[in-house]
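Undergrad: What follows is a structure written as structure tokens; I'll ask about it next.
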Amino acid sequence: MTVMTQTIALTVNGRAVSVHAQPAARLAHVLRDELGLTGTKIGCDAGDCGACTVLLDGKQVCACLVPVAQAAGRAVTTVEGLAETGQLSPLQQAFHRHGAAQCGICTPGMLMAARDLLDRNPKPSESEALDALGGVLCRCTGYRKIVDAVLDAARPNGAAAPSPAAGAAVGARMAKVDGAAKLTGAESYGADGFPEDTLHLRIVRSPHHRARFSVGDLSPLRAKYPGLVEILGWRDVPGSNLYGIYPTGKDQPVLAQDEVRYRGEAVLALIGDKHTVSAIRDDEIPIAWTRLEPVMGITAGLSTGAPRVQPAKQGNVLTRGNLLKGNLENGWRAAAYKAEGNFHTSFVEHAYIEPEAGWARRVENRIEIHVTTQTPYMDRDEVAHVVGLEKDQVRIVPTACGGGFGGKLDLSVQPLIAIAAWKLGRPVACTYTRPESMAATTKRHPAAIRARAACAADGKLTAFEMHADFDTGAYASWGPTVADRVPVHATGPYFVPNIKNTSTAVHTNGPPSGAFRGFGVPQAGIAHEALYDMLAEKAGIDPLEFRLINAIKRGDATATGQVLQHSAGLPQCLIELRPRWTAWRRAAEAFNASSSVLKRGVGIACMWYGCGNTSMSNPSTMRIGISRDGKVTLYNGCADIGQGSNTIMIQIAADALGIAADRFDYVMGDTDRTADAGKSSASRQTFVSGRAAQLAGEDLRRKILRLANAGDSATLALDGTKLTISEGETRRVVDLAALPADKNGDALSGEGTFDPPTQKLDANGQGIPYATYAFAAQMAEVEVDIELGTAKVRRIAAAHDVGRAINPTQVEGQVHGGIAQGLGLALMEEYLPGRTENLHDYLIPTFGDVPEIEVIFVEDPEPLGPYGAKGIGEPALIPTAPAIFGGIHHATGVRMHFAPATPHRVREALVKAGVVR
Ligand code: FES
Ligand code: FES
């Protein structure tokens with residue numbers, strides 16, 4: 001198709017350039033596509049996220065909103081123009097030092113907004129920083145470290161801390177090994193770095209929640225658009241058209257056949273040049289739809305006579321989970337106090353700032369896919385399944401991942417770009433639009449929970465019962481994982497002798513619910529923590545002390561009967577919070593005595609979380625090599641999705657080997673070059689892959705010491721191709737160049753595998769589902785405007801038993817980010833299919849929403865973990881919402897039973913309780 005372009009002259013990063021573009025083309029696209037400046041990111045293409053922020057004549061603008069013609073004759077500065085004489089600028093250094101970039105996809109926009117501020121105001125206040133950066137969204141960091149970095153940017157000599165010496169990496173606040181690339185725009189994400197001759201793929205999706213359809217004659221469309229190279233329908237899928245997480249649950253079509261089961265389901269794929277595939281209007285595509293009454297919500301899904309969403313699933317039940325411990329009736333009989341309640345939560349969208357993206361190419365009889373992902377090895381296996389290839393014919397090369405949180409554990413672009421590239425023999429890329437990302441991909445399961453709990457007069461819990469129904473949407477995805485994990489965790493981290501927990505995953509015509517930071521445990525946490533607050537009140541016991549009375553500890557049996565042998569630091573977490581708790585509660589009550597409309601309250605909540613897969617083998621293998629020219633490489637199959645695993649795996653491996661961390665290079669997740677480290681989920685990578693990295697380092701060290709006939713106290717030093725092993729006065733030099741190389745070019749190598757020991761659960765859910773658990777207690781101070789129903793979180797204290805903080809800066813960042821997402825779950829995030837498919841209708845926390853956060857580490861070492869470490873990714877989020885709800889109750893006397901507690905719901909509850917009229 002003809003595209004009218006003009007030559008437009010502008011200055012970019014101090015260099016005069018001319019671009020040939022349509023005048024209305026957006027600056028962000030021109031920078032990326034015409035000038036190759038892919039440091040400018042596109043998160044929404046609609047002015048909502050700020051990822052595309054650049055400076056135009058020194059002022060921040062959203063480049064996705066600016067027509068390139070408006071930039072004619074003006075100066076544009078992008079992140080690539082920030083570094084000074086090849087060095088990170090002081091602002092970039094401050095970001096590096098503070099760990100302000102996690103996944104890094106928002107970082108260019110943050111840096112540009114900060115540059116604008118600092119150019120006008122070199123010493124801004126915190127509120128000035130919040131204002132200036134307020135248009136840029138971050139889903140990972142909780143913003144606190146970004147604010148710290150901006151306020152610290154003017155500090156002289158503020159380079160990142162020196163890299164730790166050999167043997168001192170674990171526990172060091174080492175800057176991210178991939179930090180500089182994220183700060184300069186050099187990092188390549190899913191939508192970056194497509195080869196020149198790449199075709200683009202656009203997916204045609206269902207506009208209906210449930211419908212039958214037929215595709216008409218496509219030849220007029222092909223004739224009208226010569227740039228349209230191929231159209232794929234379900235018949236073009238060469239292997240299985242069905243995929244899914246579980247071998248027995250492959251129920252989701254790559255392309256729908258005759259029927260769609262949720263709005264956003266893929267129906268056809270259009271492949272051609274980028275302009276053509278995006279120019280085709282939906283109404284030009286001959287699809288005849290017959291709408292069917294959709295099954296929306298848990299109640300509809302379970303109602304008698306509801307249509308079956310999946311033909312094979314009677315009653316729309318995907319799966320059930322259950323757990324039975326002790327004798328529930330005895331527990332009720334022994335009780336002095338009882339509490340019960342119903343709780344509901346909504347669909348929650350991951351809202352990572354990087355939409356799904358990647359590209360594929362055929363390399364002879366193999367397919368190679370460069371993609372943003374949390375799970376390269378599962379991707380490899382699933383792509384082989386749908387393309388009809390052997391696993392070793394598929395290579396996944398993960399790009400940097402701009403946030404995942406569970407949402408990039410499922411396939412997105414992978415199958416279709418693979419099929420198209422395989423068929424066409426040309427590179428094929430696909431980048432989801434923001435609405436597409438939100439409509440088509442998985443969500444947190446909405447939950448409907450009934451629960452009751454009981455305690456004796458002394459506050460000791462005697463019984464607990466919960467049933468949770470989860471809306472698992474149209475396809476299975478991770479629904480079985482949620483149904484299994486919730487009964488295990490549903491009592492919270494407390495000793496309860498008598499328990500009955502059940503769960504059901506219910507199919508509906510909602511979007512598939514999948515993995516989202518916690519696998520259902522955050523929803524259950526809202527229920528159990530509310531019940532314990534109620535019991536504490538009835539028993540006349542302070543809420544923190546009630547939790548301390550019941551906190552599970554070493555030697556106690558969990559709900560599954562597993563006796564905790566090690567690392568169970570919850571009591572210490574509560575003890576750490578106790579002085580803050582007393583002071584904050586007192587301050588809130590004093591405030592309320594003189595305030596009629598604004599009311600403050602402080603809530604507390606605890607959590608536990610089993611690190612790794614539930615009762616399943618989930619091994620990880622890591623390798624380290626030293627090449628003949630003296631380069632140390634960690635072959636790391638674990639996808640770094642922003643959590644910092646690239647860095648902490650090196651910290652662990654470095655100390656195990658005895659060589660300084662800054663000598664390490666790494667390969668991340670490339671399935672041709674690494675071993676399977678499993679997926680980046682379930683808070684397992686630090687614990688499982690970290691242990692594997694430790695074992696790999698120890699293995700390599702053992703081999704080197706054997707080569708040198710040296711004892712374990714020997715030290716290693718690398719200088720060029722010379723590896724020196726020193727023990728007392730004795731030195732032995734190994735000439736690496738003289739050794740034969742393996743297929744990676746390494747002269748020496750070590751390998752470690754770790755599979756955490758678990759046990760299958762029996763019919764009553766008894767057994768050992770996890771090798772270790774993380775624990776935490778968080779408290780939140782909340783201010784409620786009882787007239788408006790608005791709730792604002794003023795401060796949070798978070799005490800986390802992480803076993804060992806391998807990198808305290810990274811762990812704090814995980815806690816901050818988890819808390820921000822927990823705050824969103826509590827107060828604002830509600831995905832409504834068809835209604836909140838963009839980042840202005842779907843609200844996530846911004847700079848102004850995330851309060852001051854104090855992070856307290858409790859390090860109760862886990863002997864199985866690397867240097868004692870456990871996981872932190874999910875634990876950070878789980879207690880936040882219930883702590884906030886506890887704060888609302890303390891402030892107003894009203895208990896929220898629905899998340900999110902949006903102003904209209906809070907106000908409704910206040911009116912119902914007679915607090916306001
Ligand atoms: S990409 Fe421009 S504001 Fe989101
Ligand atoms: S670091 Fe901000 S979105 Fe990931």
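The values are calculated or read from the model by the stated rules, or taken from the named source; none is laboratory data. Everything numeric here is computed off the predicted structure, so don't read it as measured data. In this analysis, Cβ positions are derived from the backbone assuming ideal geometry, glycine residues included, and neighbour counts consider all displayed protein chains. Protein only, heavy atoms only, side chains kept; ligands, DNA and RNA dropped before computing areas. Shrake-Rupley method; radii C 1.70, N 1.55, O 1.52, S 1.80 Å.
Undergrad: When residues of segment 46-61 are filtered for being within 16 Å of ligand 2 (Cβ to nearest atom) and touching a strand residue (DSSP E or B) at 6+ places or on another chain (Cβ under 8 Å), how many remain?
TA: Step one: of segment 46-61, the residues within 16 Å of ligand 2 (Cβ to nearest atom) are 48-53.
With the extra rule that they be touching a strand residue (DSSP E or B) at 6+ places or on another chain (Cβ under 8 Å), the set shrinks to 50, 52-53.
The qualifying residues number 3.
Undergrad: Looking at LEU111, LEU130, LEU117, LEU183 in this structure, which one is at pLDDT 95 or above, open to solvent by 10 Å² or more (accessible area, probe 1.4 Å) and in contact with a helix residue (DSSP H, G or I) (Cβ under 9 Å, 6 or more places away or on another chain)?
TA: Details: LEU111 fails: open to solvent by 10 Å² or more (accessible area, probe 1.4 Å); LEU117 fails: open to solvent by 10 Å² or more (accessible area, probe 1.4 Å); LEU183 fails: open to solvent by 10 Å² or more (accessible area, probe 1.4 Å).
Just one listed residue meets the conditions, LEU130.
Undergrad: Same structure, new question: Got a sec? Which strands (runs of 3 or more DSSP E) wholly within segment 11-69 have at least 2 residues that are more than 27 Å from ILE844 (Cα to Cα) and within 16 Å of ligand 1 (Cβ to nearest atom)?
TA: Values: elements: 15-21, 53-56, 59-62.
Filter on segment 11-69 gives an empty set.
Condition check ((1) open to solvent by less than 20 Å² (accessible area, probe 1.4 Å); (2) of a type outside the set (Ser, Thr, Tyr); (3) on the phi < 0 side of the Ramachandran plot; (4) modelled with pLDDT of 95 or more) across all residues:
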position: GLN70; (1), (2), (3), (4): no, yes, yes, yes
position: GLY81; (1), (2), (3), (4): no, yes, yes, yes
position: CYS106; (1), (2), (3), (4): yes, yes, yes, yes
position: ALA160; (1), (2), (3), (4): no, yes, yes, no
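Undergrad: Separate question: Looking only at residues in segment 100-120 that are assigned to a loop (DSSP other than H, G, I, E, B) and away from ligand 1 (no atom under 16 Å from the Cβ), which one is farthest from GLU187 (Cα to Cα)?
TA: Start the filter on segment 100-120 by keeping residues that are assigned to a loop (DSSP other than H, G, I, E, B), which leaves 100-106.
Restricting the remaining residues to those that are away from ligand 1 (no atom under 16 Å from the Cβ) gives 100-102.
Working: ALA100: 15, ALA101: 12, GLN102: 12 Å.
Among residues in segment 100-120 that are assigned to a loop (DSSP other than H, G, I, E, B) and away from ligand 1 (no atom under 16 Å from the Cβ), the one farthest from GLU187 (Cα to Cα) is ALA100.
Undergrad: Could you say which residue among ALA524, ALA505 is open to solvent by less than 10 Å² (accessible area, probe 1.4 Å), modelled with pLDDT of 95 or more and touching a Ser or Thr at 6+ places or on another chain (Cβ under 8 Å)?
TA: ALA505
Undergrad: Something else: Take the residues of segment 657-698 that are part of a helix (DSSP H, G or I) and free of Cβ contacts under 8 Å to residues at least 60 places away in the same chain: which is least open to solvent (accessible area, probe 1.4 Å)? Give the derivation first.
TA: Initial filter on segment 657-698 (part of a helix (DSSP H, G or I)): 657, 661-663, 685-698.
If we keep only those that are free of Cβ contacts under 8 Å to residues at least 60 places away in the same chain too, we end up with 663, 698.
Numbers: ARG663: 91, GLU698: 63 Å².
Checked segment 657-698; the qualifying residue least open to solvent (accessible area, probe 1.4 Å) is GLU698.
Undergrad: To continue, here is another question. With (1) within 24 Å of THR345 (Cα to Cα); (2) outside any helix (DSSP H, G or I) as the list, and LEU864 as the residue in question, which single condition is left unmet?
TA: Single failed check for LEU864: (1).
Undergrad: Another question, then. Among strands (runs of 3 or more DSSP E) lying entirely in segment 536-641, which contain 1 or more residues that are of a type outside the set (A, V, I, L, M, F, W, C) and out of contact with any helix residue (DSSP H, G or I) (no Cβ under 9 Å at 6 or more places or on another chain)? First the steps, then the outcome.
TA: Details: elements: 598-610, 620-627, 632-636.
Once the strands (runs of 3 or more DSSP E) in segment 536-641 are filtered for at least 1 residues that are of a type outside the set (A, V, I, L, M, F, W, C) and out of contact with any helix residue (DSSP H, G or I) (no Cβ under 9 Å at 6 or more places or on another chain), what remains is 632-636.
Undergrad: Here is a follow-up. How do the helices (runs of 4 or more DSSP H) wholly within segment 121-214 filter down when requiring 3 or more residues that are more than 25 Å from the chain's Cα centre (by Cα) and within 30 Å of ALA876 (Cβ to Cβ): which remain? Let's see the steps before the verdict.
TA: Details: elements: 126-133, 144-152, 179-184.
Result: 126-133.
Undergrad: On to the next question. Scanning segment 370-384 for residues that are touching a Gly at 6+ places or on another chain (Cβ under 6 Å) and not polar (S, T, N, Q), which turns out farthest from ASN618 (Cα to Cα)? Don't jump to the end; show me each part of the working.
TA: Just the residues of segment 370-384 that are touching a Gly at 6+ places or on another chain (Cβ under 6 Å), to begin with: 370-372, 374, 376.
Those still in the list that are not polar (S, T, N, Q) too: 370-371, 376.
Working: HIS370: 24, VAL371: 23, PRO376: 14 Å.
Among those that are touching a Gly at 6+ places or on another chain (Cβ under 6 Å) and not polar (S, T, N, Q), it is HIS370.
Undergrad: Sticking with this one: Based on this model, can you work out whether ARG32 counts as away from ligand 2 (no atom under 16 Å from the Cβ), over 22 Å from CYS401 (Cβ atoms) and either among the charged types (D, E, K, R) or crowded, with 24+ Cβ neighbours inside 10 Å (or both)?
TA: no
Undergrad: Count, please, the residues in segment 718-734 that happen to be open to solvent by 50 Å² or more (accessible area, probe 1.4 Å) and within 11 Å of GLY658 (Cα to Cα).
TA: The first filter runs over segment 718-734 and keeps only residues open to solvent by 50 Å² or more (accessible area, probe 1.4 Å), leaving 719, 722, 727-733.
Now drop any that are not within 11 Å of GLY658 (Cα to Cα), which leaves none.
Matching residues across segment 718-734 total 0.
Undergrad: Turning to a different aspect of this structure: Take the residues in segment 80-107 that are within 25 Å of THR846 (Cβ to Cβ) and touching a Ser or Thr at 6+ places or on another chain (Cβ under 6 Å), then tell me which one is farthest from ligand 2 (Cβ to nearest atom).
TA: If we take residues in segment 80-107 being within 25 Å of THR846 (Cβ to Cβ) and touching a Ser or Thr at 6+ places or on another chain (Cβ under 6 Å), then LEU82 is farthest from ligand 2 (Cβ to nearest atom).
Undergrad: Can you name the residue in segment 829-888 that is among the acidic types (Asp, Glu) and closer than 22 Å to ARG547 by Cα and is also farthest from the chain's Cα centre (by Cα) among such residues?
TA: This residue is ASP860.
Undergrad: Something else now. Across segment 229-246, which residue is farthest from GLN310 (Cα to Cα) among those that are in a loop (DSSP other than H, G, I, E, B) and touching a residue at least 60 places away in the same chain (Cβ under 8 Å)? It would help to see each step written out before you state the result.
TA: To start, the set of residues in segment 229-246 that are in a loop (DSSP other than H, G, I, E, B) comprises 233, 237-241, 244-246.
With the extra rule that they be touching a residue at least 60 places away in the same chain (Cβ under 8 Å), the set shrinks to 237-241, 244-246.
Details: VAL237: 21, PRO238: 23, GLY239: 21, SER240: 18, ASN241: 15, GLY244: 14, ILE245: 16, TYR246: 16 Å.
Step by step, filter segment 229-246, then rank; the result is PRO238.
Undergrad: Also, quick follow-up: What about ALA191, is it open to solvent by less than 20 Å² (accessible area, probe 1.4 Å) and over 30 Å from PRO861 (Cβ atoms)? Give the steps one after another, and end with the answer.
TA: Values: open to solvent by less than 20 Å² (accessible area, probe 1.4 Å): no; over 30 Å from PRO861 (Cβ atoms): yes.
So ALA191 fails the test.
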